[in-house]
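Reviewing the structure listed below.
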Amino acid sequence: MTISGDLLDLIRNSQRITVLTGSGISAESGIPTFRDALTGLWANYSPEELATPEAYYKNPSLVWKWYAWRRQLISQAQPNPAHQVLARMQSRVAGFTLLTQNVDGLHQRAGSTSVVEYHGNIMRTRCSRHGCMTDVPPIEGEPPACPECSAMLRPDVVWFGESIPNHAQFTAVTASEDCQLFIAIGTSGIVYPAASLAQLAQSKGARFLEINLDRTPLSSMADFRLQGPAGEILPELEQAAWPDVR
Ligand code: BV8
């Protein structure tokens, strides 16, 4: 893989780097990407049909089973080299912000801290009425009842049609407006408002690097593109930028 000298200089010299990851960064950990996740039982539904409040209230058992299946996949997965490079990068860049659309918690398990979970975390469960978190174990089958008020529990994720949590949105916008380099990794650039952050960063003067297996709607605006699996590209990028790494 050829990495431009300009890009390497930018990575080495930037004090403020903001990274946005999508499900593609967890693909090499064995977690299907969001749009590939629909196999078997889920083959007849689009994510936008299952990951919504309407779907949950219409068929709580189906949606709860989908999340239970995903949680089970995630519990068997391990962070991959791409997650590990980002965890090390955090200690090399003074103003490093990691935003993730993923709900799998793999960045934290790789050692990243202060991760902005833009779409929540599937391993947390909350009351659908009051929003209070509960550590009721996510059981199989039917959604459990809140121990406080008996309302249905739900995964602590942001569904389509729901707003991004205020703190996550504020942090993401601030970090995108204030960075010198914005890096999007493994996201199809389809889901908003996450997909608008790269353009926001560029509008404030940042350069934009896209790392993805394929082209996306963001590709045409990228200043730099590295095409291939993130689990291979990120270790190579780290080695080229910081040859003394490890
Ligand atoms: C909202 C949690 C206010 C749940 C998810 C404009 C502005 C605002 C909203 C909208 C708008 N236009 C449309 C909307 C509505 C909607 C939306 O964006 N719809 C889309 C379908 C058009 N947005 C919302 O509803 C958001 N809410 O804005 O509130 C509002 C409300 C109503 C109306 C207007 C405004 C909330 C969106 C959050 C939805 N929740 N997840 C759960 O996980 O169950 S989104 C879900 O998609 C995941 O979080 C996922 O991360 C995310 C994005 O998908 P990707 O991560 O990009 O994954 P995908 O599979 O698509 O792509 C993978 C990529 O990786 C590919 O490019 C592939 O090539 C690449 N890849 C694969 N393998 C590798 C790889 N790359 C590198 N290496 C590899 N090995």
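The values are calculated or read from the model by the stated rules, or taken from the named source; none is laboratory data. Worth saying up front: this structure is predicted, and the values here are computed from it rather than measured. Every residue, glycine as well, gets a Cβ built from its backbone with ideal geometry; the counts of neighbours run over all protein chains shown.
Numerical summary
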{"item": "Count of residues meeting criterion [at pLDDT 90 or above and either among the basic types (Lys, Arg) or within 9 Å of the ligand (Cβ to nearest atom) (or both)] in segment 25-45", "result": "4"}
{"item": "Yes/no for Phe170 being within 21 Å of Asp9 (Cα to Cα) and aromatic (Phe, Trp, Tyr)", "result": "no"}
{"item": "Thr97 under 14 Å from the mean Cα position of the chain (by Cα), assigned by TED's automatic domain parsing to the domain that holds Ala194, within 16 Å of the ligand (Cβ to nearest atom) and touching a residue at least 12 places away in the same chain (Cβ under 8 Å)", "result": "no"}
{"item": "Hey, Pro32 within 30 Å of Pro243 (Cβ to Cβ) and touching a helix residue (DSSP H, G or I) at 6+ places or on another chain (Cβ under 9 Å) or not", "result": "no"}
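Rundown of residues vs (1) exposed (fewer than 14 other Cβ atoms within 10 Å of the Cβ); (2) in the same structural domain as Thr21 (by TED's automatic domain parsing), yes/no style:
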{"position": "Ala68", "(1), (2)": "no, no"}
{"position": "Gln84", "(1), (2)": "no, yes"}
{"position": "Gln101", "(1), (2)": "no, yes"}
{"position": "Ser112", "(1), (2)": "no, yes"}
{"position": "Cys132", "(1), (2)": "yes, no"}
